[in-house]
Each structure stands twice: as C-alpha cells, then as structure tokens.
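Engineer: Please see the structure below; I have some questions.
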Amino acid sequence: MKKRSIVLLFIYLFSTTNMFLSIPLNADTTIEYVIMYDEYHGQFFDRELMSKALDSLNELIIYNNETKERVEIKIDLIFNNETAFNSTNLQGVDLLIMTNFGFEEENNLLLSERLAILDFMELGGSLFALCNPLSYDVNITGNPVPLNVFLNERDSALTTARIRTPNTVNSTVLVDDFSHVYENNTFISLKNYESDHTIFEQEVTISNLTLYSSSIELGNELRDVAIGRTLNTTYSVSEPYEIFRDPATGFLTWFLSQSVGNSRFVLSGSTIMFSDLDIIDGEKWIDQDQNLDLWKNTILWLLRYTPHPELPALPLLPFWSYALIVVGIAVIIFGMSVLLYRYRINKKTEFKVK
C-alpha cells in the first residue's frame with residue numbers, strides 16, 4: 001500500500017508540473033512578409049521575365065527542424081512601377097529587390113532615392129541587388145553604374161563590393177574554359193559546390209548551379225567573408241577584352257551576402273540565372289540545376305527567417321502562476337519525504353517484531 005502511494009505521488013508530480021509547463025502550440029504557423037520588386041528604373045528583367053522566381057515566393061512552405069511544425073511563408077508582393085523610391089512607398093516593406101537599371105538618364109537612382117534606400121536598410125529592411133554580365137543584348141547587360149554609385153554612397157554603412165566594370169558602363173563576363181555547359185564558356189557549371197556561405201546552408205543544400213554572371217570586386221576587408229566563389233579556372237573578361245584573375249585568391253566572386261546592422265544585403269552578379277529566359281531552346285535559366293533553390297534560399301535569408309529560425313516562444317505566465325508551481329512542487333517533495341520516512345520506520349518495526 002505504501003509503495004502504491006509513492007508511485008501515485010510520482011505520477012501526480014509529473015502530471016502537475018506538465019500541466020503548468022506544457023503550452024499547446026498551433027500545428028501550423030504562417031509568417032507574413034512584404035516584398036517590393038522594382039520596375040520603375042527601366043529594368044529589362046520585369047515581372048514577366050522573372051515570373052517563375054516571383055511565383056515561387058508564395059510556395060515557401062518549410063518545416064521547422066526542431067518542432068517539425070509546418071511553416072508557411074505568406075508574401076505580399078508589390079511592384080514599384082510608378083514612383084521613385086521614398087520613405088513613404090518603402091514603409092512597411094521587408095525586402096526590396098532591384099535588378100540592373102536601364103540606360104536612360106531617368107533610369108538612374110536620384111540622390112533622394114539612394115538616401116531613402118539607406119534609411120530603409122538602417123530601419124531593418126533588406127536589399128537584394130542583381131546585375132548581369134556583358135551580353136550580345138545590351139538590354140540583358142543593363143547598366144550597373146547606378147548600383148555602383150549607390151554602393152559608393154556610404155561604404156561604412158553598406159559594403160565595399162562593386163560590380164566589376166571597365167571604363168564603359170558595361171560590366172564583365174565570367175569565363176571558364178573547362179567547367180561549362182552547352183558548349184558556351186560563359187555558362188559556368190558549378191558541380192558538387194561546397195561553401196560555408198550563410199545562404200548556402202539554408203533549407204535546401206546547394207551543390208549544383210549554372211550561372212552566367214559578372215564578377216564582383218571586393219575590398220580587402222571582405223575577402224574573408226562568406227561569398228559565392230567561382231572555380232579556380234574562372235576569369236573575367238571586359239568589353240575591351242581585358243582579362244582579370246584574382247592574384248590573391250585564384251577565384252572570383254559572383255555572389256555576396258552581408259549583414260548590415262539590423263538588415264541584410266545580397267549582391268548577385270547575375271539576374272539571368274533566375275529568369276525565364278531560355279538558356280537553350282525549351283529550357284529556362286531558372287530551371288537549370290538548383291538555381292531556383294538558390295533563389296528561394298536567398299529570399300528566406302534576406303527575410304531573416306534563416307539560418308536559425310527561432311522556436312515559438314512559450315507564453316509568459318503571471319508571476320503568481322510560477323509561485324504556485326514552486327509551492328506545489330515543494331509541498332509534493334515534503335509529502336514524499338514524510339511517506340518515505342514512515343515507510344522506513346514501519347519496515348524497521350516489522351523487522352524487530354519478527
């Protein structure tokens with residue numbers, strides 16, 4: 001009988017503490033974000049050429065590795081195609097996506113726009129800036145100068161990275177004579193790609209990519225940051241056909257991420273790799289290898305969902321609730337001690353009687 005009382009007391013102890021400490025969580029979680037895609041500055045890569053990438057933003061359904069609960073990312077996608085950037089139209093935006101600008105003077109970023117974007121980032125907004133390499137089509141190449149001017153605006157607040165450019169407005173193109181696809185030396189194939197880059201260790205492991213990109217010029221202080229690197233056999237070529245290889249590292253950079261205060265920033269040397277343009281007849285760039293996975297991983301990182309999703313926090317109970325828990329546990333422990341003491345006394349008494 002005494003043993004049964006002790007067992008029941010243990011059961012009561014665990015059930016009582018579990019009743020207070022176990023907070024039921026919803027099976028599904030939805031997180032909402034606002035993303036702005038810029039079409040106001042003469043971009044060639046508009047919503048039609050980026051259709052699959054933009055449609056994928058509302059397919060970001062993932063699972064929390066710790067709780068195994070389903071997490072749905074709900075995106076409110078808005079397009080900026082009527083007004084210049086200002087503090088009003090950037091208010092409430094979590095992520096701004098800008099691809100290469102057009103060549104007309106009115107396509108440049110005004111000083112007021114550059115300041116508005118910097119203020120947006122200082123307040124915690126993230127920026128995804130994409131460029132393109134030299135191409136047979138000047139519209140595909142676009143104009144990297146406005147973006148470089150923006151990057152130059154406040155180095156200390158952003159980054160010393162630049163889209164590599166010769167004396168003209170055009171960028172460079174990455175070339176690899178050994179690792180490429182479709183018999184085109186500028187369509188670089190990164191197979192079995194390994195990187196400790198924060199973007200690559202996200203929801204989907206990235207190992208194979210196909211890119212057509214410009215190179216990114218880094219300042220010395222950025223050489224040790226996590227970056228997207230080409231193969232050691234890759235070099236860049238400018239419009240005057242100047243060949244560049246990095247003498248210090250042997251590789252070139254095509255993808256860069258950086259945390260800037262409370263915001264995040266990604267600079268890509270390629271837009272076309274995420275687009276609906278054909279790489280060959282009937283095959284789109286974004287469908288090559290894991291290009292779409294990289295796009296999704298990048299968006300999740302920029303939205304600050306990854307790399308370390310926070311577990312749903314237990315709601316705080318009132319102070320008196322915790323006090324009751326402590327008192328209850330103390331009473332239970334005291335009761336157990338009394339029962340054990342009496343049990344031992346009875347055992348000794350029974351032994352002496354025999």
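Since every read-out is calculated from the coordinates, none of them should be taken as a lab result. None of these values were measured; they are calculated from a predicted model. Cβ atoms come from the backbone with ideal geometry, glycine included; neighbour counts cover every protein chain shown.
Engineer: If packing is taken as the mean number of other Cβ atoms within 10 Å per residue, what is the order of 262-272, 137-147, highest first?
Structural biologist: Highest mean packing first, the order is 262-272, 137-147.
Engineer: Give me, ordered by chain and number, the residues 5 or more places off R264 or on other chains with an amide H under 5 Å from its own placed amide H.
Structural biologist: S126, L127
Engineer: Provide the gained length on full extension for the span I78 to I332, in nm with one decimal, where the gain is 0.36 nm per separating residue minus the Cα-Cα distance. Numbers along the way, then the final one.
Structural biologist: Details: separation 254, 0.36 × 254 = 91.44 nm, distance 5.84 nm.
Gain on stretching I78 to I332: 85.6 nm.
Engineer: What does the C-alpha gyration tensor say about the overall shape of the stretch 28-302? Classify as rounded when a/c is under 1.5, otherwise prolate if a/b is larger than b/c, or oblate.
Structural biologist: Judged from the Cα gyration tensor, the stretch 28-302 comes out rounded (a/c under 1.5).
Engineer: Sequence gap of 8 or more, or different chains, plus Cα separation below 18 Å: how many lysine pairs satisfy both in the stretch 28-302?
Structural biologist: So the count of such lysine pairs works out to 5.
Engineer: Moving to a separate point now. For the stretch 28-302, what is the relative contact order in percent, using Cα pairs closer than 8 Å and at least 6 residues apart in sequence?
Structural biologist: Numbers: 592 pairs, mean separation 54.4, N = 275.
Contact order relative to length: 20 percent.
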